[in-house]
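Some notes on the structure that comes next.
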Amino acid sequence: LHLAEHWAEEAFRISSDKMAQLMGEVEALLKAERSQGGYREEMKITGGLVVLPRKGKIVVVGDLHGDLESLIHILRKSRFLERTAAGEDVKLIFLGDYGDRGPYSPEVYSLVLRLKRDHPERVILLRGNHEAPPDLLGMPHDLPSDFQRKFGSAGRDLYLSLVRLFQGLHQAVLVEGAYLLLHGGAPSQASTLKDLAYAHQTHPSTSHLEEILWSDPEDDIAGVYPSPRGAGRLFGEDVTARVLALAGAKVLIRGHQPCPEGVMASHRGKVLTLFSRKGPPYFNPQGAFLVLNPAQESLDARQLADSALKF
Ligand SMILES: [Mn+2]
């Protein structure tokens, strides 16, 4: 068995006690890395903003929504575990939305939390709208019943622990001078990078966190419009350009929206959408993931879309 498949098998077999322990460890780890400001030069953390230097390789994974098979495929193809074991400089960023809608949400959580626990300096788990605070949570939210099905009577407490862990997930990554990564969209009212970093603390008196978790880019509009999703906004290229400028980045990389090829460029090369799961209820024929090489390249979203690994 490939290492990723071995990990997946263990994710299927995990007991409720082990799952509780894993969640407790990752929750404590997230708190500690935030209070320590990250991991020296490798990963600097301010509030909920992670800043990465322009070096090494960075594997980026979009929405998974309970699709364990696609996660295993990405781990196999990217060789993240093998590269890490060989001491290569490789990081792994998830753009959020791990559970709900797919058949294997508890297993996906178990696997991504284990990745974080075992490789804390290399793995970043961003927050999606399905890991949002209760007033912003994506619906339908199947996790409580998924956890009860998997773990029986222990499922309820495990779910509550997971929700507590969500509060510690970071909301944005900046690869210095190149890429800004988050789940949904550019916060239209932000005027400094601190507005992104502390969006979890200023929510709900500011709209920053809601827009980061929920918004969608729209070509051919300026400013923002109400979103048909009922949360977040539709934002135009001018909003993207302003937020990229305040972050000093060239491209916004985000997930949140299914696209037929798993990847899609918009806002004339300033926004890349990445979707890494397949199957119902979206039926996108392909999913995709990215491998960034930020020391050597600064690609626009169209070039990134061409370089994406589709499956
Ligand atoms: Mn989403």
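Observations on the model:
- In order along the range 228-233, the phi-based Karplus estimate (6.51 cos²θ - 1.76 cosθ + 1.60, θ = phi - 60°) of 3J(HN,Hα) comes to x, 6, x, 8, x, 9 Hz; Gly and Pro are listed as x.
- Using the 1.4 Å probe convention, the accessible area of the range 198-311 works out to 42 Å² per residue with neighbouring protein chains retained.
- With every protein chain in place, the range 265-309: carbon and sulfur % of accessible area (1.4 Å): 51
- Nonpolar atom fraction for the range 1-154, defined as the carbon and sulfur part of the 1.4 Å probe accessible area, stands at 50 percent.
- Too-long pairs where the Cα-Cα distance tops 25 Å, listed order kept, from Lys18/Lys310; Lys31/Lys77; Lys18/Lys77; Lys57/Lys310; Lys18/Lys44: Lys18/Lys310; Lys31/Lys77; Lys18/Lys77; Lys18/Lys44
- Under the convention that each Lys and Arg Cβ holds +1 and each Asp and Glu Cβ holds -1, the size of the dipole of the range 85-225 around its Cα centre is about 720 debye.
- Note on Asp238: accessible area is roughly 80 Å² with a 1.4 Å probe, heavy atoms of protein only.
- Each stretch of four or more DSSP H residues adds -39500 (n - 2.57); spread over every residue of the chain, this sum gives -11000 deg cm²/dmol at 222 nm.
The values are calculated or read from the model by the stated rules, or taken from the named source; none is laboratory data. Because the structure is predicted, anything quoted here is derived from the model rather than measured. Here the Cβ is made from the backbone with ideal geometry for all residues, glycine too, and neighbour counts use every protein chain on show. Remember, those area values only see protein heavy atoms, side chains included, never the ligands or the DNA or RNA. Shrake-Rupley method; radii C 1.70, N 1.55, O 1.52, S 1.80 Å.
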